[in-house]
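Structure, as structure tokens:
The values are calculated or read from the model by the stated rules, or taken from the named source; none is laboratory data. Here the structure is a predicted model, which is why all the values come from computation and not from measurement. Neighbour counts run over all protein chains shown; Cβ positions are idealised from the backbone, glycine included.
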Amino acid sequence: MNEALEAIKQSILEGEKKLTDSKSVYEFKKSFLDSKNGKIGQLMKEMKNIPKEDRAAYGKGVNELKEWATNVFASVEEKIKAKELELRYKAEKIDVTMPAKEIHTGNLHPITQMRNQLIDVFSSMGFEVYEGAEIENDYYNFTALNTPKDHPARDMQDTFYLSPEFLLRTQTSAGQIHVMEDRKPPIKIISPGKVFRSDDDATHSPMFTQMEGLVVDENITLCDLQGMLDVFVQKIYGEGTVTRLRPSYFPFTEPSVEVDCSCFECGGKGCKFCKGTGWIEILGAGIVNKKVLENCGIDSEKYSGLAFGIGIERTAMLKYGINNIKLLFESDLRVLKQLDD
Ligand code: DAH
């Protein structure tokens, strides 16, 4: 009997040296101590075959072996766990002297930011947003806006024609017609969106963004226009900024005006930015031409309207002091990151 116990002891001592990780320790331990299938567990089952007088000594021997084996496994387990922990610490070691990893957060494109700011400003004055379509037909983009075929004003907007009938809209003004056809006054909308012209230099791009404004109601005058634009320039360019209106020409407004704002760089004294004039041209606007109202079935005796068209890139370029529109389209993160409001 003693030999059997001794043999088990020897196999534990030999096997124990070969153990390398907690999993193998567990398996090895189980192969001895498992009460059903373990070698020591099975010795206990043998009890019934042992002559009565030897049973006490047998039981004692097996129990001692079990206790001894339990201790051996516990100390091997402890050693191996410590080794594993050490290896893990080594592998996961953090060098606290390393520079921190930079976390890059994204930001909205400056044009999107500008567009959102403009929407906020005009929404606060009760304007609704109307999304127009980028493909228009000749009627909405020109004819209904009092610019029939062969009208010289068509030359002002080099057009990308898709067919003799369809084109990429050259101005968000096209949306005015849709709105006035679909709704009855009072109307108070802004319509931001992309427009397209065959034009390309430092301040022009074949695709750019405009925001149209249209108000139609009884007794709308240029004073209403200027009041709203004063709010706009103050919110975008700073308090104290004022506007002035200069006579101009657009086929769809009569009278038409070019709107300047006081130079927000020098406060109107005259500087390089405003070319010494104290004023900066910001947008075109006017009182909706009666012909345009009538083209849309609106009674031009009862109602009048005001309209304006803001260039969103131009507004952003003025605000951020950018002199080349391409900087806004090149997706150079070094530029775009600086234009985060
Ligand atoms: N549509 C004009 C353009 O693209 C801008 C404009 C001028 C819009 C006067 C208007 C306006 O609504 O009244 O150049």
Check: Is it the case that the range 121-137 has a residue that's more than 23 Å from ILE312 (Cα to Cα) and free of Cβ contacts under 8 Å to residues at least 24 places away in the same chain?
Finding: no
Notebook entry, point to check: Looking at GLU301, GLU313, GLU281, which is the one that is of a type in the set (Asp, Glu), in the same structural domain as LEU145 (by TED's automatic domain parsing) and more than 16 Å from THR203 (Cβ to Cβ)?
Noted result: GLU301
Checklist line | So LEU293, is it in a helix (DSSP H, G or I), within 30 Å of LEU145 (Cα to Cα), within 16 Å of the ligand (Cβ to nearest atom) and of a type outside the set (S, T, N, Q) | finding: yes
Item checked: Pairs where the first residue, in the range 232-245, is assigned by TED's automatic domain parsing to the domain that holds GLY268 and among the small types (Gly, Ala, Ser) and the second is surrounded by 17 or more Cβ atoms within 10 Å (Cβ to Cβ) and in a loop (DSSP other than H, G, I, E, B), C-beta under 6 Å, 6+ apart -> GLY238/PHE264
Margin query: Going through GLY240, GLY278 one at a time, which residue ends up being more than 19 Å from GLY311 (Cβ to Cβ), away from the ligand (no atom under 16 Å from the Cβ) and over 35 Å from the mean Cα position of the chain (by Cα)?
Written below: GLY278
Margin query: Checking the conditions here, which among HIS178, HIS204 is touching a residue at least 60 places away in the same chain (Cβ under 8 Å) and not hydroxyl-bearing (Ser, Thr, Tyr)?
Written below: HIS204
Note to self: Considering only residues that are assigned to a strand (DSSP E or B), within 14 Å of ILE280 (Cα to Cα) and among the β-branched types (Val, Ile, Thr), which ones fall in the range 208-256?
What the structure shows: THR243
